[in-house]
Structure formats: structure tokens, C-alpha cells
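Trainee: Please see the structure below; I have some questions.
The values are calculated or read from the model by the stated rules, or taken from the named source; none is laboratory data. The structure presented is a predicted model; accordingly, all values stated were derived computationally and were not measured. A quick note on method: Cβ atoms are made from the backbone with ideal geometry, for glycine too, and the neighbour counts reach across all protein chains shown. With ligands, DNA and RNA removed, areas are computed over all heavy atoms of the protein, side chains included. Shrake-Rupley method; radii C 1.70, N 1.55, O 1.52, S 1.80 Å.
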Amino acid sequence: MNRTLFLPAAFLGVLFTSGVAAQSGKTSYKFDFGAGSVAPGYRQVLPSATYSEERGYGFDFNTTVSAVDRKGKDALKSDFVTSDKPFYFSVDLPEGNYNVTVKLGDLKKRASTMVKAESRRLLLEKTETAPGNFTTETFTINIKNRRINDTLTVGLKPREVGKLDWDNKLTLEFNGAATCLNALEITPAPNAITVFLAGNSTVVNQDDEPWAAWGQMIPRFFKPGVAIANHAESGLSLGSFLGSRRLDKVLSVMKPGDYLFVEFGHNDQKEKGPNDGAYKSYTERLQFFVREAKKKGGIPVIVTSTARRNFDEATGKNVNNLGDYPDAARKVAQEEGVALIDLNAMTTTLYEALGVQASMKAFVHYPANTYPGQEKALADNTHFNPYGAYEIAKCVVEGIKANKLGLTKYLKSDIPAFDPAHPDALDKLAWADSPRNTVIKPDGN
């Protein structure tokens, strides 16, 4: 089990602090890692290159690497930086979409790593290369900030202050038993399709182990050309998403052909005002989201709420406790003529296929002392762990295919068809824990 990473005060500081690169608007980089010869056009990065605002890039959050030089002829393959512990590399970048290409491998030994971005967005599952072999992977990544216009910004919650998703850097996490990072290239991708996610804690990029949500897993399933911009936040309803100006933010950067996936219900259910309810304010607000996205030339997709784990143990059936909210979402999709991904139905099938006991393995159910500082057992039937979030992301992928969305052609070819009635084995996802963990439950339930 990884130890808790204590982040420096700078990480928890003001969100608009930017390094030299972000201030100057620099958007393209080519890095050659290691102490050997440097490839033409690349910038050498030694282990001593710790991140600073003055430099604008570097190894971040007190993580360290060592350099290895194999003295080969190819400057990009002959040397690399490595560590048997997770390490972070950050680069100051303005808001936008970027193609990010990494080269991984070692001329003499086997290498193994997983790559995540920002707040634990999964980009690359555990990938191993044999001695002398290398893999080059490209991802399209969205960088966002709070700014809407000269006078408006997104209203963040206190828990979001210091979140990697909201700073002015691209941060990559390399996490594996033998990460060998050779090179990194970053170029703007202004024509990439952006898939905006609006939702709650079942969608958000959760920063800390063992919490996870499907929005941070879904980037792994797309080829370059599609960037996931996750604007979800724990504890939000349609109303509070609007009130914190998050839809304003999405609409301010949406371009024709982009998508808006909307999943709410868990927290809307708790709102008890005179006009609240599944067929009242929830329906009206969902219609508003759809219509506003269409005005921008966007493509709205309604996603019904993930089911809570709520078994009738006598029958082995998972009982709906979200009231009429899933049904209301289905009706809005039908009335507005937009795609529907019925995640509520698919997750119900998924839990029942796993069974009463095994389904706990998809949620944050852990005995005391599983994680540092965890004195009591965790038993949460709403929030997922990485395995559960990964399985639900697969359900969303199947929904994209079933609706024949244009996004389908951007799905990676290594994804077999997924049936939630036949979930993956619990050890299917070889998840490498990120250094940070918390016992504090995300907002919402």
C-alpha cells in the first residue's frame, strides 16, 4: 500500500498562480529525459529538474527519479528517467486541449508503468515492454481553469482548492514497478472533440484513493482526437451546478460538434423546495441543459444516475432508491430527441451480476487500516473504488456504441464488447494506487 503523499504548501495555494510558460502562452514542448545525448529539437530533462514557476516544468510534489543512460545510438531510446515509486511531471499550459505523447521503455530491461493525468484520470493501463522494446502512446488531454469571462469565474467548493484539475498545469503521474520514461511531447489540439461531463460524485475526477468515478476512467477508452473535460463535482445537483456557474463555464468554451454528457439525480433527490421533484425542477433544469448545449452546436447526451447499492438480500435484487429521477431523465431524453445512456439500468444489472457480497468490491468497502490513517471501516454504497468506476465507464462506452454517436469511431480498438450482466473479474484492472488517500467521504450520497 502506498504511503500518503504530503503535498507542499504551493500545491494548496491560489489557483490562478501560473508559471512562466503559462504566462507567456507557450503551448508546445519536446522533452528528452535522461543524462545521455539529446535528440535534435528536444529539451533535456535531468532528475534535478524539479518543478518551479520560473522553469515552468519539472518533477513535482517532492517526487524523485534517477537517470539511466544505455549509451545507444538513438537519443530518445538510449536514456531515460526511472523510479520504482510514483512520480509526477508537470508543465505549465494555458487552457485548452493538447495531444500528449509519451515514449516508454528500456533497451536492456523490462519496463512497466501506468499513466494518469491531473486528478487521477486514467490514460494508460499497466503496460509492460520487453527489453529492447518501446511503446509510444498519444492522449488528447483537456486543461481547464476557472475563468469564464473578464468578470465571472466558476464558484469552487473548498475541497476543490488545490485540485490538480483546476490549476494552470498539466500534471502527469507515472506509476509502476519499473517506469522508464524516455520522452514527452506536447502540442495543442484545437480541433479535438471535447466531451464535457456534468455530474456529481459518481462522475467527478476523485483526487484521492480509494475513491473513484467513471468520468476519470473514460479517457482510457478514447483514441487521440477526443478530450474529456470533466466539470462534475461531488455533492452537486443540476441546480447547484448551475448556481456555481459550471454550465456557464462549459458553454463559454464549447464549440460546435462537442458533447455534453449530463448525469444527475442523487443530490437532486434531496432538494425539497416547493418546485422541486423529478418531474418539476429536475425535468426543467435538464431540459435547460439540453437546449443550451444545442444553441452552441453541442450534442447533449442524458445519462441516468448510477444506482446505489441497495440489495434485497432475500431476492438478490438491487432495489431502486432514486425514486422517479431515472424515469424523469429518460422522458426528457425522449421528449428532447437526444441520446440516452441508461446507466441506472446497466449498473443495476452489474451489481446483481456481481451479487450481494461481491458487489461491495466495486464500492468503497474496506476494513479498518487498509489505508494510512483509516481507523474505522469504510462502507459506502454510493461511491465507487477504481474497479467499480472502471466497470461503469465500460457501461458508458457501450451506451456510446448503442446510440451510434459520432464518438464511436474514436473508441480504441482494444476494447471488447462489455455486458454488465457479465462483469470483469475483480483483478482485471491492475490499478496502481496513487500516493494520496483520504478516509473522508466525498460530498453527496
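Trainee: With axes computed from alpha carbons, what is the tilt in degrees of helix 281-295 against the longest principal axis of the chain, rounded to the nearest 10 within 0 to 90?
Mentor: 50 degrees
Trainee: Okay, moving on. Report the accessible area of ASP276, computed with a 1.4 Å probe over the heavy atoms of all protein chains in place, in Å² rounded to the nearest 10.
Mentor: Counting only protein heavy atoms, ASP276 exposes about 40 Å² to solvent.
Trainee: Where the centroid of each part is defined by its Cα atoms, how far is region 379-443 from region 267-281 in Å?
Mentor: Region 379-443 and region 267-281 have Cα centres separated by 29 Å.
Trainee: Compute the distance in nm between two label points, each set 7 Å from the Cα along the Cα-to-Cβ direction, one at LYS409 and one at ALA377.
Mentor: Once both label points are built, they end up 5.2 nm from each other.
Trainee: Shifting gears a bit: Once you have the Cα-Cα distance between LEU156 and ASN62, take 0.36 nm times their residue separation minus that, and quote the gain in nm to one decimal.
Mentor: Between LEU156 and ASN62, full extension yields an extra 31.2 nm.
Trainee: Hey, got a sec? Which trypsin sites (Lys or Arg not before Pro) in region 407-445 land in a DSSP loop and have at most 14 other Cβ atoms within 10 Å?
Mentor: Of the trypsin sites (Lys or Arg not before Pro), the ones in loops of region 407-445 whose Cβ has at most 14 other Cβ atoms within 10 Å are LYS412, LYS428.
Trainee: Compute the angle between helix 343-354 and the longest alpha-carbon principal axis of the chain, please, reported from 0 to 90 degrees and rounded to the nearest 10.
Mentor: So the inclination is approximately 80 degrees.
Trainee: Could I ask something else about it? Using Cα centres only, tell me the gap between region 118-140 and region 59-110 in whole Å.
Mentor: Centre-to-centre distance over Cα atoms comes out at 11 Å.
Trainee: Can you work out the accessible area per residue across the chain, with the rest of the protein chains kept in place, probe 1.4 Å, in square angstrom?
Mentor: Spelled out: the 1.4 Å probe surface of the chain, per residue, equals 39 Å².
Trainee: Among THR306, THR179, THR382, which one shows the highest mean-square fluctuation when the chain is modelled as a Gaussian network with alpha-carbon springs under 10 Å?
Mentor: THR382
Trainee: Same structure again: Over region 387-445, what portion of Cα pair distances is larger than 17 Å, expressed as a whole percent?
Mentor: In whole percent, the share of Cα-Cα pairs in region 387-445 beyond 17 Å is 55.
Trainee: How far, in nm, would the chain grow between ASN369 and ILE440 when pulled straight, counting 0.36 nm per residue and subtracting the alpha carbon separation?
Mentor: Answer, rounded to one decimal: 24.2 nm.
Trainee: Let me ask something additional. Please determine, in degrees from 0 to 90 and to the nearest 10, the orientation of helix 325-336 with respect to the longest principal axis defined by the Cα atoms of the chain, where the helix direction is its Cα long axis.
Mentor: So the inclination is approximately 90 degrees.
Trainee: Compare the peptides 82-89, 121-128 by average per-residue count of other Cβ atoms within 10 angstrom and give them in order, highest first.
Mentor: The densest-packed peptide leads the list: 82-89, 121-128.
Trainee: If you project the alpha carbons of region 158-241 onto the principal axes, what extent comes out on each, in Å, largest first?
Mentor: 45, 33, 25
Trainee: Can you give the Rg to Rh ratio of region 215-329, both from alpha-carbon atoms, with Rh computed by the Kirkwood formula?
Mentor: Details: Rg = 15.7 Å, Rh = 15.6 Å.
Here Rg/Rh amounts to 1.01.
Trainee: Another question, if that's okay. Using a 1.4 Å probe on the protein chains only, how many percent of the accessible area of the chain belongs to carbon and sulfur?
Mentor: Accessible surface attributable to carbon and sulfur in the chain totals 51 percent.
Trainee: For region 84-155, what mean projected area does the convex hull of the alpha carbons give, in nm²?
Mentor: Computing the convex hull of the Cα atoms and averaging its projections yields 6.1 nm².
Trainee: Mind checking Rg over Rh on region 94-251, alpha carbons, Kirkwood formula for Rh? Walk me through the intermediate numbers first.
Mentor: Details: Rg = 16.7 Å, Rh = 16.5 Å.
We get a ratio of 1.01 for region 94-251.
Trainee: Here's something else I'd like to know. Treat each spin label as a single point 7 Å out from the Cα along the C-beta direction, and report the ASN191 to ARG55 distance in nm.
Mentor: Between ASN191 and ARG55, the simple spin-label model gives 3.5 nm.
Trainee: Spin-label point model (7 Å from Cα, Cβ direction): what's the LYS73 to ALA177 distance in nm?
Mentor: Calculated label separation equals 3.3 nm.
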